[in-house]
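Report on the structure given below.
The values are calculated or read from the model by the stated rules, or taken from the named source; none is laboratory data. For clarity, every value in this text was computed on a predicted model and none was experimentally measured. Cβ: placed from backbone, ideal geometry, glycine included. Neighbour counts: every protein chain shown. Note: areas computed on protein heavy atoms with side chains; ligands, DNA, RNA excluded. Shrake-Rupley method; radii C 1.70, N 1.55, O 1.52, S 1.80 Å.
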Amino acid sequence: MRLLDQESIENIATGAAFFGAGGGGNPFLGKLMALEAIKKNGPVKLLDVSEIRDDDYFCPAAIMGAPAVMMEKIPKGDEFERVFKMLSQYTGHEFVGTFPMEAGGVNSMVPIALAASLGIPLMDCDGMGRAFPELQMVTFYLGGVAATPMVITDEKGNAGVIKTISAKWAERLARVQTVEMGGSATVALYPSNGKQIKQNGIRGIVTLCEQVGLRIRDAHLDPAKALTEILEVTKGHLIFEGKVIDVARRTERGFNVGDIKIDGFNDFQDQHLSVLIQNENLLALRNDKPIVMTPDLIEIVDADTLLPVTTEVIKYGKRVKVLATPADARWRTEAGIKTAGPRYFGFDYDYQPVEDLVKEGKPCID
């Protein structure tokens, strides 16, 4: 157990934006909400999952919708407590703590703000090890934990409980409500006991975000060293460096969708990279051949500062480095690939691990 103070939250927010793989919502907005909550209520207690009891109940809260919408449609502030308490009342369980459903942007910060407001602990785990665009794309789903009952609300006070036959149906129905609520909404879902969290949560992700975030925030001291350390701690790869020459981005069905085109420089001179997105970066094609694909992570960072660049703010002319890191092993199982692999998103490729695709001398996929 340890306490998360202002410095911790600054680092976690930066690291979570990195693991968000381009998505997860605006990290700056989430950080402001978390910092304001601990300023008002004091530091948040962070617990390792080994410290929780099997029969205690916990629940995450998150913002659902297109990240670009969240930049203009800011939460009122009471939505997180509202969904948390409504779901507790509906299930009959007292939730004694919370945790992030994904390690990405605003949704890594929402549970911190919630924990500070209610005086409850935060678990050092999440359900993705990154960010994904759909509700069923979590390790709890892979482990058989039900996504519903879930609660959804907006800033106006509209709220409802969703009970579905599957997590995919929860995604479909909640996505329609999110669109009607203006493109973003707040949800509480996957209520879980301590035993389920121990079995299905990706452990230590909050601490890992903090470690990577610290290296990024200190990158100005020695950018080359910081990059090396980040790649070491994440088992990652530098797959491209260049300038953004085109961004095609639109909001569709409650998602940011499109692609980012980058022309190479330095070691990647005369090469090009395309990154296809659905809230998150999902597929990278280097010289028209796949070099990394979902569920592995594609992280676009500023070429000089290494600060993560999310899909809703990336612009023409931005000079970037593109990194790739392997997903948690659970995403590389048959069930994980079926749930969040390239073919699920309509890409005509069979999944191959990033370490195989970047291996020197390996033929590219036709």
Checklist entry - Looking at the stretch 335-347, which of the residues that are open to solvent by 10 Å² or more (accessible area, probe 1.4 Å) and not aromatic (Phe, Trp, Tyr) is nearest to Phe132 (Cα to Cα)? => result Thr339
Checklist outcome for this item: Flagged in the stretch 125-134 as open to solvent by less than 10 Å² (accessible area, probe 1.4 Å) and under 20 Å from Ser50 (Cβ atoms), in numbering order, are Cys125, Asp126, Gly127
Checklist entry - Could you say whether any residue in the stretch 28-36 is over 26 Å from Glu280 (Cβ atoms) and either open to solvent by 70 Å² or more (accessible area, probe 1.4 Å) or part of a helix (DSSP H, G or I) (or both)? => result yes
Checklist entry - If you check Pro100 against the conditions, is it assigned to a loop (DSSP other than H, G, I, E, B), modelled with pLDDT of 95 or more and in contact with a Pro (Cβ under 8 Å, 6 or more places away or on another chain)? => result yes
Checklist entry - Any residue at all in the stretch 112-127 that is touching a strand residue (DSSP E or B) at 6+ places or on another chain (Cβ under 6 Å), within 16 Å of Gly65 (Cα to Cα), in contact (Cβ under 8 Å) with a residue 12 or more places away in the chain and outside any strand (DSSP E or B)? => result no
Next on the checklist: Being part of a strand (DSSP E or B), open to solvent by less than 50 Å² (accessible area, probe 1.4 Å) and among the hydrophobic types (A, V, I, L, M, F, W, C): is that true of Leu46 here?
Outcome noted: yes
Checklist outcome for this item: Per the filter on the stretch 111-124, residues buried (at least 24 other Cβ atoms within 10 Å of the Cβ) and of a type outside the set (Asp, Glu) are Pro111, Ile112, Ala113, Leu114, Ala115, Ala116, Met123
Next on the checklist: Here is a list: Gln211, Gln177, Gln196. Which entry is more than 20 Å from the chain's Cα centre (by Cα), closer than 24 Å to Phe19 by Cβ and open to solvent by 50 Å² or more (accessible area, probe 1.4 Å)?
Outcome noted: Gln196
Checklist entry - In the stretch 265-278, what residues are open to solvent by 10 Å² or more (accessible area, probe 1.4 Å) and not aromatic (Phe, Trp, Tyr)? => result Asn266, Asp267, Gln269, Asp270, Gln271, His272, Ser274, Leu276, Ile277, Gln278
Item to check | Residues within the stretch 312-334 that are open to solvent by less than 20 Å² (accessible area, probe 1.4 Å) and either touching a His at 6+ places or on another chain (Cβ under 8 Å) or farther than 14 Å from Phe19 by Cβ (or both), tallied | outcome: 7
Checklist entry - Within the bounds of the stretch 160-167, is there any residue that is under 30 Å from Leu238 (Cβ atoms) and either aliphatic (A, V, I, L, M) or crowded, with 16+ Cβ neighbours inside 10 Å (or both)? => result no
Checklist entry - Is it true that some residue in the stretch 1-24 is under 30 Å from Val161 (Cβ atoms), open to solvent by 30 Å² or more (accessible area, probe 1.4 Å) and either acidic (Asp, Glu) or in a loop (DSSP other than H, G, I, E, B) (or both)? => result no
Checklist entry - Does Ala303 satisfy the condition of being at pLDDT 95 or above and either under 24 Å from Ala103 (Cα atoms) or open to solvent by 20 Å² or more (accessible area, probe 1.4 Å) (or both)? => result yes
Checklist entry - Of everything in the stretch 220-268 that's acidic (Asp, Glu) and more than 20 Å from the chain's Cα centre (by Cα), which residue is farthest from Asp288 (Cα to Cα)? => result Asp222
Checklist entry - Out of all the residues in the stretch 54-80, which are under 28 Å from Arg253 (Cα atoms), open to solvent by less than 60 Å² (accessible area, probe 1.4 Å) and not in a strand (DSSP E or B)? => result Cys59, Pro60, Ala66, Pro67, Ala68, Val69, Met70, Lys73, Pro75, Gly77, Glu79, Phe80
